[in-house]
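What follows is a short report on a single structure.
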Amino acid sequence: MSPKHVVFKKVSRDKSVAVYMAKRDFVDHCDFVDPVDGVVVIDPQQLRGRKVYVMLSCTFRYGRQDMDVMGVAFRRDLFLVTRQVYPELQDKDKLTHTKIQQKLLRKMGDNAFPFFFEFQDNLPCSVALQPGPSDMGKKCAVEFEVKAFCGENQDEKLDKQSSVRLSIRKIQFSPDDSNVVPVAETTFEFLMSEKPLHVKLSLPKEIFYHGEPIPVSIEITNSSSRNIKDISVSVEQVTNVVLYSNDKYVKSVAKEETNDCVPAGTSLKKDYTLHPLLANNKERRGIALDGRLKHEDTNLASSSIVKQEVLKEVQGILVSYKVVVRMIASAEVSLELPFRLMHPKPEPGTHLHESDDMVFEEFKRAYLKGVVYGDDDESPTEA
């Protein structure tokens, strides 16, 4: 039995234009990014002499209530490129880069036209801040979208009946295994105490995968005259909204609070296990998530990898993680250790062969619970 390859499709309301794409996730491999390609199928009778364009955009939105101006939230296009696909400006062969495009063009006939885009090297990955239960219609996110539309020219007002909008994701997988073993240690001096408190915090590796438990080792040598109590260990997600306001959100996404204590003149060596999962942080406002596309849960945002020579400001939203240990020694003392939380590299996919079947699936926009997109289910805002 021939393998089946899913092809996602979306048709405009007036049936004038349809878009077919073989995937919705496009991977940033650090040294290159998967190109965005697909096929547009037109109905010449419905077009009535209009041209057809395809646009790829990366948009930063910051929809906090107090930043709205007459109902319009702050928005900036980080990347925007538009190509005319009909009437053709180039031969189809020059715009056909993948086997799935070739097979779609043969299947769809003369009214099918390919499109192909390459990402700029400095664009961020898809990420969104989770809204609170009361944040109706408000959003802070970096989003990617493919849009096909009809018009006399590419700048005229968009006719929603003759357009298709598809949300896609730009994602990043973990780099090759790092040999770094993260360790942090420090010494605390106290008044009226001749000797110090020494704390050491370590992890077995630098990169953890989503869903993987995080073992944390703590060594406390309390040579001071203070009694140490109320030890807690947490994973904190640090989100910097760097493009617009430089807001910083620090959220604990996994925490273990203990009754462990270290009396003066004693020591403690203990391992703790933390589970940073979105399932334990549902509806918490300000938690950063990987962009989602399906009507299902996503995961906590992956750690941002900023390439050399790329300004952090154009990344929109930067996400990092750290383990923090806190304890009370008359006052609170703490020690933190950064690490990365990412997706593992998947196994290489299978290649499309001539005999393989294609299965078409409707391309539906994902939603975040509590966010209202309006009457256009393909995009939260107008073009």
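What about Ser193, is it among the small types (Gly, Ala, Ser), free of Cβ contacts under 8 Å to residues at least 40 places away in the same chain and either out of contact with any helix residue (DSSP H, G or I) (no Cβ under 7 Å at 6 or more places or on another chain) or farther than 29 Å from Thr59 by Cβ (or both)? Yes: the conditions hold for Ser193.
So which residues in region 196-205 are surrounded by 15 or more Cβ atoms within 10 Å (Cβ to Cβ) and either farther than 11 Å from Leu335 by Cβ or touching a helix residue (DSSP H, G or I) at 6+ places or on another chain (Cβ under 6 Å) (or both), if there are any at all? The answer is Pro196, Leu203, Lys205. When the residues of region 73-108 are filtered to those that are of a type in the set (Lys, Arg) and more than 29 Å from the chain's Cα centre (by Cα), the one that is nearest to Phe149 (Cα to Cα) is Lys92. Being closer than 30 Å to Leu289 by Cα, at pLDDT below 95, in the same structural domain as Ile328 (by the TED database) and not polar (S, T, N, Q) is true of Leu243. Exactly one residue out of Val146, Val85 is aliphatic (A, V, I, L, M), out of contact with any Leu (no Cβ under 7 Å at 6 or more places or on another chain) and in the same structural domain as Asp43 (by the TED database): that is Val85.
All of (1) in a strand (DSSP E or B); (2) under 23 Å from Asn281 (Cα atoms) hold for Glu212 with one exception: (1). Picking from residues in region 79-97 that are surrounded by fewer than 16 Cβ atoms within 10 Å (Cβ to Cβ) and touching a residue at least 40 places away in the same chain (Cβ under 8 Å), the one that is farthest from Asp37 (Cα to Cα) is Thr82. Entry remark, region 22-41: residues being open to solvent by less than 10 Å² (accessible area, probe 1.4 Å) and of a type in the set (A, V, I, L, M, F, W, C) number 4 in total. Looking at region 75-88, can you tell me whether even one residue there is touching a strand residue (DSSP E or B) at 6+ places or on another chain (Cβ under 8 Å) and at pLDDT below 80? Within region 75-88, one or more residues are touching a strand residue (DSSP E or B) at 6+ places or on another chain (Cβ under 8 Å) and at pLDDT below 80.
Checked against (1) at pLDDT below 80; (2) under 21 Å from Arg285 (Cα atoms), Lys92 passes all but a single condition, namely (2).
Before we move on, is Lys139 open to solvent by less than 40 Å² (accessible area, probe 1.4 Å), in contact (Cβ under 8 Å) with a residue 24 or more places away in the chain and among the basic types (Lys, Arg)? Yes, satisfied. Can we say Lys270 is open to solvent by 30 Å² or more (accessible area, probe 1.4 Å), at negative phi and at pLDDT 75 or above? When the stated conditions are applied, Lys270 passes them.
Quick check on Thr221: is it in a strand (DSSP E or B), hydroxyl-bearing (Ser, Thr, Tyr) and in contact (Cβ under 8 Å) with a residue 60 or more places away in the chain? In short, no. The set of residues in region 98-113 that are within 21 Å of His5 (Cα to Cα), open to solvent by less than 90 Å² (accessible area, probe 1.4 Å) and in a helix (DSSP H, G or I) comprises Ile100, Gln101, Gln102, Lys103, Leu104, Leu105, Met108, Gly109.
The values are calculated or read from the model by the stated rules, or taken from the named source; none is laboratory data. What you see is a predicted model; the values in this text were computed from it and never measured. Backbone-built Cβ (ideal geometry, glycine too); neighbour counts: all protein chains shown. We work out accessible area using only protein heavy atoms, side chains counted, and drop any ligands, DNA or RNA first. Shrake-Rupley method; radii C 1.70, N 1.55, O 1.52, S 1.80 Å.
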